[in-house]
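The values are calculated or read from the model by the stated rules, or taken from the named source; none is laboratory data. All of these numbers come straight from a predicted model, not from anything done at the bench. Don't worry about glycine lacking a Cβ; one is built from the backbone with ideal geometry, like all the others, and counts go over all protein chains shown. Just so you know, the surface numbers come from the protein's heavy atoms only, side chains and all, with ligands and any DNA or RNA stripped out. Shrake-Rupley method; radii C 1.70, N 1.55, O 1.52, S 1.80 Å.
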Amino acid sequence: MQLHAAIHEFVLYIEIEKNYSKNTVTSYEYDLQLYLTFLSNHGCSACLNEINKTQVRRFIQYLLGSLKQKPRSVNRKIAKDR
């Protein structure tokens, strides 16, 4: 399964099944789309089977370095995936 399809399914799930607030759904979707864009810009596969820990670590470095996000914001993004 491709990441963009998984994102779409996940957003529908948290929106309909979990009844999360619009702001929460938007935040989740934004963070996941940011990761998808990162993978695309770095020539990485968006196939869920091919995503690895190294790519996730590089994404975290990208958030902290290039995007200058605060550690607290990055921790929020990471915590969502646990």
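Within the stretch 40-82, which residues are touching an Asp or Glu at 6+ places or on another chain (Cβ under 9 Å) and over 20 Å from Tyr28 (Cβ atoms)?
The one that is touching an Asp or Glu at 6+ places or on another chain (Cβ under 9 Å) and over 20 Å from Tyr28 (Cβ atoms): Cys44.
Go through (1) touching a helix residue (DSSP H, G or I) at 6+ places or on another chain (Cβ under 8 Å); (2) among the small types (Gly, Ala, Ser); (3) exposed (fewer than 12 other Cβ atoms within 10 Å of the Cβ) and name the single condition Gly43 misses.
For Gly43, the failing item is (1).
Looking at Leu63, is it surrounded by fewer than 17 Cβ atoms within 10 Å (Cβ to Cβ) and of a type in the set (A, V, I, L, M)?
no
Would you confirm, using the coordinates I've provided, whether Ile16 is on the phi < 0 side of the Ramachandran plot, open to solvent by 40 Å² or more (accessible area, probe 1.4 Å), among the hydrophobic types (A, V, I, L, M, F, W, C) and touching a residue at least 12 places away in the same chain (Cβ under 8 Å)?
no
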